[in-house]
Amino acid sequence: MTSGFFMGTDTVRGYAGDSRSTFRVANDNAFGLGPETIYIGFDPNDFSSFTGPVASAILTVQSVSGGFGFDAGPGSPFTVSAHGVDADPFSTIIDDTNPTGTTSWIDYFNNHILTADPAAITSVDSFGTVTFDVTALVNDWVSGSNNVFALALTGTNDTSGTDFLHGFLNNTEAPGSTFLTVNPVPEPATFAMLASLAIPFAYRRVRRRPRAVA
């Protein structure tokens, strides 16, 4: 099944133009400006036991159809990247669950998403499990160089020029479908954390519109 955004009760969020509650905004129009983005938040306490750099941190998500016949596939792969952010998207972005926010979704996208580590860039060309190596990002959290325990999944690094409406499962639809696995140093034990999801796992890449430059 696709995200709840596309079918059934809209438990995540929709677009105002589609007669759905906006709820949480990563893009306010189904076919609007810029790549739609998924924001995933984590509990800082989950990282308090790490006293030094971790060996690896892998984010796992489940790729599903986004609908409308524009999914990525073997002949049309879609580049998705996991980015750190420098402001909490859940308290910063203005939407109908957060009217006291300070930033529109597009201003947040343009100004608060950090450059992705090359290891955190993945090509999606099928449905099923997709992983992102976010070791560098998690080590920034552990070291304190980044105190915003959230990340952004987006198509900002895609250069195909193709429009995609690709989906990823939300934990509200399939509990445990999205999780972060952290391997500390030097012990081989694995520490797994479920992400707190507050943005739809209806994922889309749309072609950017040119913007006028004064």
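The values are calculated or read from the model by the stated rules, or taken from the named source; none is laboratory data. Computed from a prediction, not measured in an experiment: that's the story for all the values here. Here the Cβ positions follow ideal geometry from the backbone for every residue, glycine too, while neighbour counts run over all protein chains shown. With ligands, DNA and RNA removed, areas are computed over all heavy atoms of the protein, side chains included. Shrake-Rupley method; radii C 1.70, N 1.55, O 1.52, S 1.80 Å.
Here is a check on your reading of the model: is Val134 in contact with a Leu (Cβ under 8 Å, 6 or more places away or on another chain) and aliphatic (A, V, I, L, M)? Before you say what the answer is, go through the steps one by one.
Numbers: in contact with a Leu (Cβ under 8 Å, 6 or more places away or on another chain): yes; aliphatic (A, V, I, L, M): yes.
It is true that Val134 is in contact with a Leu (Cβ under 8 Å, 6 or more places away or on another chain) and aliphatic (A, V, I, L, M).
Would you mention how many residues in the stretch 59-79 are in contact with a Gly (Cβ under 6 Å, 6 or more places away or on another chain) and at pLDDT 90 or above?
Number satisfying all stated conditions: 0.
Here's the yes/no breakdown for (1) at pLDDT below 90; (2) among the charged types (D, E, K, R); (3) touching an Asp or Glu at 6+ places or on another chain (Cβ under 7 Å):
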{"position": "Gly17", "(1), (2), (3)": "yes, no, no"}
{"position": "Ser21", "(1), (2), (3)": "yes, no, yes"}
{"position": "Gly34", "(1), (2), (3)": "yes, no, no"}
{"position": "Thr37", "(1), (2), (3)": "yes, no, no"}
{"position": "Pro44", "(1), (2), (3)": "no, no, no"}
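I'd like to know if the stretch 139-157 contains one or more residues that are charged (D, E, K, R), open to solvent by less than 60 Å² (accessible area, probe 1.4 Å) and either out of contact with any Leu (no Cβ under 8 Å at 6 or more places or on another chain) or not in a strand (DSSP E or B) (or both).
The first filter runs over the stretch 139-157 and keeps only residues charged (D, E, K, R), leaving 140.
From what is left, the residues that are open to solvent by less than 60 Å² (accessible area, probe 1.4 Å) are none.
Looking for residues that are charged (D, E, K, R), open to solvent by less than 60 Å² (accessible area, probe 1.4 Å) and either out of contact with any Leu (no Cβ under 8 Å at 6 or more places or on another chain) or not in a strand (DSSP E or B) (or both), one finds none in the stretch 139-157, hence no.
Applying the selection to the stretch 129-185, what residues are modelled with pLDDT of 85 or more and at positive phi?
Within the stretch 129-185, just Gly144 meets the criteria.
Restricting the stretch 125-137 to residues that are among the β-branched types (Val, Ile, Thr) and not in a helix (DSSP H, G or I), which is surrounded by the most Cβ atoms within 10 Å (Cβ to Cβ)?
Per the criteria, the residue is Val134.
Restricting the stretch 50-105 to residues that are over 30 Å from Gly144 (Cα atoms) and of a type in the set (S, T, N, Q), which is surrounded by the most Cβ atoms within 10 Å (Cβ to Cβ)? Break it down into steps so the answer makes sense when it comes.
Filtering the stretch 50-105 for residues over 30 Å from Gly144 (Cα atoms) gives 63-78, 96.
From what is left, the residues that are of a type in the set (S, T, N, Q) are 63, 65, 76.
Details: Ser63: 23, Ser65: 16, Ser76: 13.
Ranking the qualifying residues of the stretch 50-105, first place goes to Ser63.
Only residues that are in contact with a Leu (Cβ under 8 Å, 6 or more places away or on another chain) and assigned to a loop (DSSP other than H, G, I, E, B): list them for the stretch 86-109, please. Lay out the reasoning, then the answer.
Within the stretch 86-109, the subset in contact with a Leu (Cβ under 8 Å, 6 or more places away or on another chain) is 86, 106.
Correct list: Asp86 only.
Restricting the stretch 168-181 to residues that are within 24 Å of His112 (Cβ to Cβ) and not aromatic (Phe, Trp, Tyr), which is most open to solvent (accessible area, probe 1.4 Å)? Even if it seems obvious, please write down each step before you answer.
The initial filter retains those residues of the stretch 168-181 that are within 24 Å of His112 (Cβ to Cβ), namely 168, 170-171, 178, 180.
Going one step further and asking which of them are not aromatic (Phe, Trp, Tyr), we end up with 170-171, 178, 180.
Values: Asn170: 3, Asn171: 25, Thr178: 0, Leu180: 1 Å².
Per the stated criteria, the residue is Asn171.
Quick check on the stretch 110-124: of everything there that is out of contact with any Leu (no Cβ under 9 Å at 6 or more places or on another chain) and in a helix (DSSP H, G or I), which residue is surrounded by the most Cβ atoms within 10 Å (Cβ to Cβ)? Please lay out each step first, then the result.
Quick first cut of the stretch 110-124, residues out of contact with any Leu (no Cβ under 9 Å at 6 or more places or on another chain) only: 110-113, 115, 118-119, 121-124.
Keeping just the survivors that are in a helix (DSSP H, G or I) gives 110-112, 118-119.
On the way: Asn110: 13, Asn111: 10, His112: 19, Pro118: 10, Ala119: 14.
This residue is His112.
Find the residue count for the stretch 64-85, including only residues that are among the small types (Gly, Ala, Ser) and part of a loop (DSSP other than H, G, I, E, B).
Residues of the stretch 64-85 that are among the small types (Gly, Ala, Ser), as a first pass: 65-67, 69, 72-73, 75-76, 81-82, 84.
Now restrict to residues that are part of a loop (DSSP other than H, G, I, E, B): 65-67, 69, 72, 75.
Number of matching residues: 6.
For the condition in contact (Cβ under 8 Å) with a residue 12 or more places away in the chain, of a type in the set (A, V, I, L, M) and more than 15 Å from Ile38 (Cβ to Cβ), what is the one hit in Ala116, Ala82, Ala120, Ala87?
Details: Ala116 fails: more than 15 Å from Ile38 (Cβ to Cβ); Ala82 fails: more than 15 Å from Ile38 (Cβ to Cβ); Ala120 fails: more than 15 Å from Ile38 (Cβ to Cβ).
Criteria check complete, one pass: Ala87.
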